[in-house]
1. Taking ALA45, is it open to solvent by less than 30 Å² (accessible area, probe 1.4 Å), at pLDDT below 95, small (Gly, Ala, Ser) and over 16 Å from ARG157 (Cβ atoms)?
2. Looking only at segment 114-158, which residues are crowded, with 18+ Cβ neighbours inside 10 Å and of a type in the set (Val, Ile, Thr)?
3. Could you list, in sequence order, the residues of segment 97-124 that are touching a helix residue (DSSP H, G or I) at 6+ places or on another chain (Cβ under 8 Å) and of a type outside the set (S, T, N, Q)?
Amino acid sequence: MSWIGRGAAFLLLAVAAWGCGTPRQAGGSPSAASSPIDTHPPPSAAATGVSIPSEPGPTPSELTPTLPPGFPTMAKAEPSRLPDDASVVARWTVPVVGSAAYDFYVGALPDAGFTIDGTYPSDRAALIRFHDQSGRIWQLLAELVGDRTEITVQTDRP
């Protein structure tokens, strides 16, 4: 049974490594200049659904990283509930569909001092990997949800 478990873990790691691919530099994508940059995250961006243990310990806000300073958000962003995933630090929706959110962040992240390490657009979602001035790598996922786009920011997965 342990061989099967090890084989499954190896297979998952191989698939994850293959799925990440080689990051491509961002470029050539026009910026959606119609949305002003707001350097403050939505009010509940740092909120978590983590329950506090009965013994004293760190609070959820101490366990969860927050958005890097100066992170741009689109106008009319509405906070969304965070999933039970410690790597997710913020989630909100914006009232746009199509590539508008992706285009906004491809232009706004470098303008706010972040370096884009790779862009991975698709039909219903797009991923942008970027790093802050300290070198920490982040992921931004823009995903079509109904008539809005959901933006999720999380620390990069190893």
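The values are calculated or read from the model by the stated rules, or taken from the named source; none is laboratory data. Everything quoted here is computed from the prediction, not taken from an experiment. We place every Cβ from the backbone using ideal geometry, glycine too, and count neighbours over all the protein chains shown. Keep in mind that these areas ignore ligands, DNA and RNA; they rest on the heavy atoms of the full protein, side chains included. Shrake-Rupley method; radii C 1.70, N 1.55, O 1.52, S 1.80 Å.
1. For ALA45, the condition - open to solvent by less than 30 Å² (accessible area, probe 1.4 Å), at pLDDT below 95, small (Gly, Ala, Ser) and over 16 Å from ARG157 (Cβ atoms) - is met.
2. Scanning segment 114-158 gives ILE116, THR119, ILE128, THR149, ILE151, THR152, VAL153.
3. ILE116, PRO121
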